[in-house]
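The values are calculated or read from the model by the stated rules, or taken from the named source; none is laboratory data. Keep in mind that this is a model prediction, so the values were computed, not measured. Positions of Cβ are generated from backbone atoms using ideal geometry, with glycine treated the same way; all protein chains shown enter the neighbour counts.
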Amino acid sequence: MLNINLKGKKAFVVGIADDNGFGFPIARALAEAGCEIIIGTWTPLINIFETAWRNKKFDKSRKLQDGSLFEYKKLYAIDAAFDKPEDIPSDILENKRYKAQSRYTISEVAQNIKNDFGNIDIIVHSLANSPEITKSLLETSRNGYLSALSASSYSFVSLLSHLAPIMNKNSATLALSYIASTRAIPGYGGAMSTAKAALESDIKMLAYEAGRKFNIRVNCISAGPLRSRAAKAIGMIDNMIRYSKANAPLQKELLAEEVANVAAFLLSDLASAITGDTIFVDNGLHAMGMAIDSKSLENLTET
């Protein structure tokens, strides 16, 4: 039996705000394999996350196979929309949710990690945001469009650019995407489909550049719909889950743990020759070219 062994490795998992998305179970899966976990949480939510962790609200989700609870080595506030301090606008600097924090730009967090840990081995990018997610693409403003790309795709480029110099050889990185990168998903708005397409395109180029320069692998998981806090902002996540369950080859609801298991594999030495790829973990929905629950197919079985 092949075992995923990440003992002695350190992973920076960026984008965990609670235990409902993909980031948390991925961190737990990596910890299960022996990896030390460093967490990056969006600056306005860090106090909420710390309080919930301290009050044991995540204890059920933290449980490992041996009954113990996974721990993180350190928690950093991060706003991946900003590369350096001078990028932060004055209204953000004065925002009460930011004023209590410091050194939360990508370059500063990278320096903090270097000072605190030296080198790391893994980056997990679990970040996605659009201020106009409920708007159609035709209704999305220029600022909304660019904000979605900045937070959801360029943030991965910037993280890798700043952290690659302190990553050990044979390190691995992973981003999370969605099928809207290559298919029209009505309702998945605010340029998020564009951001996911850009992210998957960047995966290929970054795999080449980071592979040649730093010997770092770069991959992506296109995950099926999950009832996470971020997904609820779309306003149609329950419909997306029902559609997937009705039309995917595997008629079941996707579990976050299923995505986490594939993530742990891709970030381990078992996947040492895999880079520049987007792996679908969506019960096979991406393979379908027809909605088999469509009313237009009602008489198909009768002919």
Item to complete: Please find, within the range 160-194, the residue that is nearest to THR105 (Cα to Cα) out of those that are assigned to a helix (DSSP H, G or I) and not aliphatic (A, V, I, L, M).
Response: HIS162
Worksheet entry | Matching residues in the range 270-297 - criterion: being among the aliphatic types (A, V, I, L, M) and in contact with a Lys or Arg (Cβ under 8 Å, 6 or more places away or on another chain) | ALA271, ILE274
Worksheet item: Given the residues ALA128, ALA148, which is the only one that is touching a Gly at 6+ places or on another chain (Cβ under 9 Å), under 24 Å from LYS196 (Cβ atoms) and part of a loop (DSSP other than H, G, I, E, B)?
Response: ALA128
Item to complete: Consider only pairs whose beta carbons are under 8 Å apart and that are at least six residues apart or on different chains; among these, list those whose first residue lies in the range 155-166 and is at pLDDT 95 or above and whose second residue is among the polar types (S, T, N, Q) and part of a helix (DSSP H, G or I).
Response: HIS162/SER107
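Let's see how each residue does on (1) of a type in the set (A, V, I, L, M); (2) touching an Asp or Glu at 6+ places or on another chain (Cβ under 9 Å):
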| position | (1), (2) |
| --- | --- |
| SER177 | no, yes |
| GLY211 | no, no |
| ILE216 | yes, no |
| ALA223 | yes, yes |
Discussion item. With the structure loaded, tell me whether ALA197 is of a type in the set (A, V, I, L, M), modelled with pLDDT of 95 or more, surrounded by fewer than 20 Cβ atoms within 10 Å (Cβ to Cβ) and part of a helix (DSSP H, G or I) or whether it fails that test.
Written reply: yes
Item to complete: Please give the number of the condition LEU250 fails out of (1) part of a helix (DSSP H, G or I); (2) of a type outside the set (D, E, K, R); (3) in contact with a Gly (Cβ under 8 Å, 6 or more places away or on another chain).
Response: (1)
Worksheet item: Only one of LYS10, LYS73 is more than 16 Å from the chain's Cα centre (by Cα), within 22 Å of PHE117 (Cα to Cα) and surrounded by 20 or more Cβ atoms within 10 Å (Cβ to Cβ); which?
Response: LYS10
Worksheet item: Can you name the residue in the range 215-269 that is of a type in the set (Val, Ile, Thr), modelled with pLDDT of 90 or more and in contact with a Lys or Arg (Cβ under 9 Å, 6 or more places away or on another chain) and is also surrounded by the fewest Cβ atoms within 10 Å (Cβ to Cβ) among such residues?
Response: ILE241
Practice prompt. Go through the residues of the range 227-246 one by one and say whether even a single one is under 22 Å from LEU6 (Cβ atoms) and part of a loop (DSSP other than H, G, I, E, B).
Written response: no
Discussion item. When you check ALA180 against the structure, is it in contact with a helix residue (DSSP H, G or I) (Cβ under 6 Å, 6 or more places away or on another chain), crowded, with 22+ Cβ neighbours inside 10 Å, of a type outside the set (Ser, Thr, Tyr) and farther than 20 Å from THR41 by Cα, yes or no?
Written reply: no
Worksheet entry | Given (1) without any contact (Cβ under 8 Å) to a residue 60 or more places away in the chain; (2) in a loop (DSSP other than H, G, I, E, B); (3) in contact with a helix residue (DSSP H, G or I) (Cβ under 7 Å, 6 or more places away or on another chain), index of the condition PRO44 fails | (2)
Item to complete: Please enumerate the residues belonging to the range 1-18 that are farther than 16 Å from SER268 by Cβ and part of a loop (DSSP other than H, G, I, E, B).
Response: GLY15, ILE16, ALA17, ASP18
Fill in: Matching residues, the range 238-277, being of a type in the set (Gly, Ala, Ser) and either touching a Ser or Thr at 6+ places or on another chain (Cβ under 8 Å) or touching a residue at least 12 places away in the same chain (Cβ under 8 Å) (or both)
SER244, ALA246, ALA248, ALA256, ALA260, ALA263, ALA264, SER268, ALA271, SER272, GLY276
